[in-house]
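Heads up: the structure comes next, in structure tokens.
Just so it is clear, none of the values below were taken in a lab; they were calculated from the coordinates. Keep in mind that this is a model prediction, so the values were computed, not measured. For neighbour counting, all protein chains shown are included, and Cβ atoms are generated from backbone atoms with ideal geometry for every residue, glycine included.
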Amino acid sequence: MHKSLSRRLFLQGTTAGVSAALAATSTASLAAGAKEIVQPTPLYGPPPGVAKLNANENPYGPSPAALKAMMEASQKGAYYVYDSVMRLKTMIAERHGLTPEHVTLGSGSSAGLAAAAITAAQTGNILGPDLFWDTTSRVVEIQSIGAIKRLPKLESLAIDLDAMYNAIDDSISMVQVTNPNNPTGMLINPQAMRNFCIKASKKCTVLADEAYNELTDNSDLNTVIPLVKDGHDIIVARTFSKIYGLAGMRVGYLIAQPEKIEQMEKYGLGWYGLNQAGLAAAIACYEDQRFMDYSRAKVLEGREMVSAALKEHGLSALPSVTNFMFVNLGELNAEKFRAEMAKENVLIRGIYRDYTNWSRVSMGHLDDVEKYTAALPKVLHRMS
């Protein structure tokens, strides 16, 4: 059931006819003595038999509603987007009691996060925890226009908000908090996060990267979007790449004060780089609670499977509320562990920064999670 839900409408629709035609052609060819066709490596998604657990994707998506909308929108792919952009911005704004001017769209949340970093670098540096999803923030260092100041490591790998607040000085223009954090999967206490944002936003801009917010048990409780409505200098980044299962469709958004939105849109944000199919999917599934509940349940089931397997073999992971887990490998090297798992057709992440003994694994289809748990004892035995 978990594989069929998100494809049901697709399989029952137009492609049913295409599949029938292809089947008939293949049957006729074989009957005429042709050799059996060898299926090529797929252009989209992992090859057959490979458990792709390295990118925090939700393979249960796109939802049936999103698939139907994409099929319809693709027929209008000759036209640039605009009306669909305004509709999605309006939907997001109304959901949070804001105006469309508080919202900007981009290619996933990556475009928005990079624009926020570049905007901040015009007046100062970026402050973040020692370990967070910093790929977009590093653009300021790559372009030599700013720097990232990092907090000292904590043994717990949690984010120390008090230390972060105390580290804000005149050199800092933006503080970035990923919540839940990636790659740790841990969530900050919501009241503590709100208190921090209110205080810190009086000293600099606060960027709250909430890419995994909808995967938590109470997304409304765990967001700081209401603080934007209250007028604070806070940017909230969200994406349709995670729980919505639209990573390949590249739709994300930022919520901030209109003047901040205007500043960030100078650096590649806005409607022009988006596509009809991705926008249609986002509009169709934005309020699809049934699909999100389904996805959360499958993710939880996957985390429980991984937790049990780790415990059985003497390992552990940080407490995660997301669709990935950060595994403590003890004395083992995470990059070597990644390479050994790849030999078992299980793709996971290797070393982050200098956290050489920590390994991140995503929750994919349950049979792919089972591949991970089955490969675990084999790999541990080879590495022992």
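By definition, a body whose alpha carbon gyration tensor gives a ≥ b ≥ c is oblate when a/c is 1.5 or more and a/b is not larger than b/c, and the chain fits this oblate description. By DSSP, the beta bridges lying fully in segment 64-285 are antiparallel in about 35 percent of cases.
If you take the square roots of the eigenvalues of the alpha-carbon gyration tensor of segment 55-180 and sort them as a ≥ b ≥ c, do you get rounded (a/c under 1.5), prolate (a/b over b/c) or oblate? It is prolate, given that a/c is not under 1.5 and a/b is the larger ratio.
Counting only the Cα atoms, segment 130-231 fills a convex hull of 109 Å³ per residue. Put the Cα centre of segment 96-153 next to the Cα centre of segment 320-377 and the gap is 27 Å. Among beta bridges identified by DSSP and lying wholly in the chain, the antiparallel ones come to about 50 percent.
The local environment of Tyr352, defined by Cβ-Cβ distances under 14 Å, has a net charge of +3 under the rule Lys, Arg +1 and Asp, Glu -1. Comparing mean-square fluctuations of Val236, Val139, Val206 from a GNM of the chain with C-alpha springs under 10 Å, the top value falls on Val139.
When the chain is treated as a GNM, springs tying every alpha-carbon pair under 10 Å, which of Leu207, Leu215, Leu98 comes out with the largest mean-square fluctuation? Between Leu207, Leu215, Leu98, it is Leu98 that shows the largest mean-square fluctuation. Spacing of the modelled spin labels on Glu370 and Glu331, each 7 Å from Cα toward Cβ, amounts to 3.4 nm.
Under 10 Å, Cα contacts only: if you run a Gaussian network model on the chain, which one of Gly248, Gly124, Gly77 comes out with the highest mean-square fluctuation? Between Gly248, Gly124, Gly77, it is Gly77 that shows the largest mean-square fluctuation. Net charge in the neighbourhood of Gly112 (other residues with Cβ under 14 Å of its Cβ; Lys, Arg +1, Asp, Glu -1) is +1.
Charged neighbours of Glu331, selected by a Cβ distance under 15 Å, balance to 0 (K, R count +1; D, E count -1). Taken over segment 64-285, the alpha-carbon convex hull comes to 116 cubic angstrom per residue.
Residue separation of Asn357 and Glu72 scaled by 0.36 nm, minus their Cα-Cα distance, works out to 97.9 nm of gained length.
Compute the Cα gyration tensor for segment 311-354, then decide on rounded, prolate or oblate, letting a ≥ b ≥ c be the square roots of its eigenvalues: rounded whenever a/c is under 1.5, prolate when a/b is larger than b/c in the other cases, and oblate in all that remain. Taking the square roots of the gyration eigenvalues as a ≥ b ≥ c, segment 311-354 is rounded. Between Ser384 and Leu154, the contour length at 0.36 nm per residue exceeds the Cα-Cα span by 80.0 nm. Within segment 224-245, find all residues whose amide N lies under 18 Å from a label point positioned 7 Å from the Cα of Asn195 along Cα-to-beta-carbon. Those under the cut-off are 224, 227. For segment 291-384, the list of GluC sites (Glu not before Pro) that fall in a loop by DSSP and count at most 12 other C-beta atoms within 10 angstrom reads Glu331.
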